[in-house]
1. Across bins of 10 angstrom width beginning at 0, how are the C-alpha pair distances of segment 17-148 distributed, in whole percent?
2. On each of the three principal axes of the Cα atoms of segment 26-97, give max minus min coordinate, whole Å, ordered largest first.
3. If neighbour count is taken as other Cβ atoms inside 10 Å, put 84, 28 in order from fewest to most.
4. Order these by the 10 Å Cβ neighbour count, fewest first: 37, 54.
5. Relative to 2.2 N^0.38 Å, what does the C-alpha radius of gyration of segment 85-148 come to as a ratio? Two decimals please.
């Protein structure tokens, strides 16, 4: 993996993760996320909903609700949990759509880079062939001429 500090490999030290270079598609995605307030909110909600803090908070809230707030909490609790599930599934789908878009952008970038590399390698191979043929003709041409 390339690093921003070329001397890191020479000194034998591991690069700082902040020094690692990122794929252009990753940098573009990060810039889009940072520029959009809505995406930052969606990222925060998705990150929180996917954490153990979310689970612990719900265990505490539901326990308190069932034991201390209502004697028969099931109708209201069912409504709240159902509404929460609707909203959380929406955030999951937003995250999946953004991930799919990111993967497509990365795949497109990688394809363009590979095609450029293939073109460059083909040109280099043709030039090596031309030079080898020319060198071979010169060497055999000199060997075939009689010496005066």
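What follows is calculated from the coordinates using simple rules that are stated; it is not laboratory data. In this text the structure is predicted, and so the values were computed from the model without any measurement. All Cβ positions, glycine included, derive from the backbone under ideal geometry; neighbour counts span all protein chains shown.
1. 9, 20, 18, 14, 11, 8, 7, 5, 4, 2, 1, 0
2. 52, 20, 17
3. 84, 28
4. 37, 54
5. Cα Rg divided by the expected 2.2 N^0.38 Å: 2.59.
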